[in-house]
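Notes for the one structure printed next.
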Amino acid sequence: MTAIDLFLAREPQEEGERDDPYDDATGKTVRAPVGNLTWGRGYFLKEIGSSELFDVIDRFLVGKIEAQLMPHSWYQIDPPRQSVLLDIAYNGGVHCLLGYIHMLAALDAKDWATAQIQCTTSNPKLKGRYEALAKILLTGDP
């Protein structure tokens with residue numbers, strides 16, 4: 001399996017799935033004040049939201065992230081560990097991942113134990129998620 005496949009297999013459980021648009025900071029459903037919340041080429045979000053569409057969008061977005069990571073030497077590791085980097089970049093952006101300088105240096109050196117230690121977050125809501133990601137960095141097991 002590729003790093004993208006491994007990340008996308010974890011992502012629905014990590015992120016959850018909601019058909020209604022919501023505020024990612026509060027989790028509250030967002031309602032259009034007048035009319036329907038619409039996007040793109042007139043897509044009524046309430047009607048087009050589906051697991052199938054989410055899968056297509058995910059593969060597109062994560063593919064764009066991977067293209068940004070591919071040139072870096074620290075990304076030239078096995079797919080399970082790459083999937084951890086995709087996970088962090090997907091959630092916080094590539095700029096957030098690049099802030100993990102000690103973790104990335106450890107990955108570049110194939111120092112899995114240090115990479116595990118450096119894979120942390122100050123966000124208590126993400127603590128369990130990052131513990132699972134850190135374990136993947138240590139073991140290489142998806």
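Computed from the coordinates by the stated procedures, all read-outs in this text should not be read as laboratory data. The structure presented is a predicted model; accordingly, all values stated were derived computationally and were not measured. Don't worry about glycine lacking a Cβ; one is built from the backbone with ideal geometry, like all the others, and counts go over all protein chains shown.
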Which entry in (1) -0.44, -0.52; (2) -0.58, -0.68; (3) -0.54, -0.62 is this structure's computed log10 I(q)/I(0) by the Debye sum over Cα atoms at q = 0.12, 0.13 Å⁻¹?
(3)
Sequence gap of 8 or more, or different chains, plus Cα separation below 24 Å: how many lysine pairs satisfy both in the chain?
7
Can you show me the helix-derived [θ] at 222 nm for the chain, built from DSSP H runs with n ≥ 4 at -39,500 (n - 2.57) apiece and divided by the number of residues, rounded to the nearest 500.
-17500 deg cm²/dmol
Taking only C-alpha pairs under 8 Å that are 6+ residues apart, what is the relative contact order of the stretch 74-131 in percent?
26
In nm, spacing of pseudo-spin labels at V34 and T120 (7 Å Cα→C-beta vector):
5.1
Per the 1/(1 + (r/R0)^6) rule, R0 = 30 Å and r from the Cβ atoms of R59 and T139, FRET efficiency to 0.05 is 0.70
What is the extension gain from D5 to Y43, computed as 0.36 nm multiplied by their sequence separation minus the C-alpha to C-alpha distance, in nm to one decimal?
11.0 nm
Reported to two decimal places, what Rg/Rh ratio describes the stretch 88-142 when computed on Cα atoms with Rh from the Kirkwood expression?
0.94
In a GNM of the chain with a 10 Å cut-off on Cα contacts, which of L107, L97, L37 has the highest mean-square fluctuation?
L37
Around L6, with a cut-off of 11 angstrom between Cβ atoms, what is the net charge of the other residues, counting Lys and Arg +1 and Asp and Glu -1?
-3
Taking 7 Å along the Cα-to-C-beta vector as the label spot, tell me the D78-E15 distance in nanometres, rounded to one decimal.
2.6
Please list, in order, the residues from the stretch 71-92 whose amide nitrogen is less than 20 Å from a point placed 7 Å along the Cα→Cβ vector of A109.
72-78, 81-82, 85
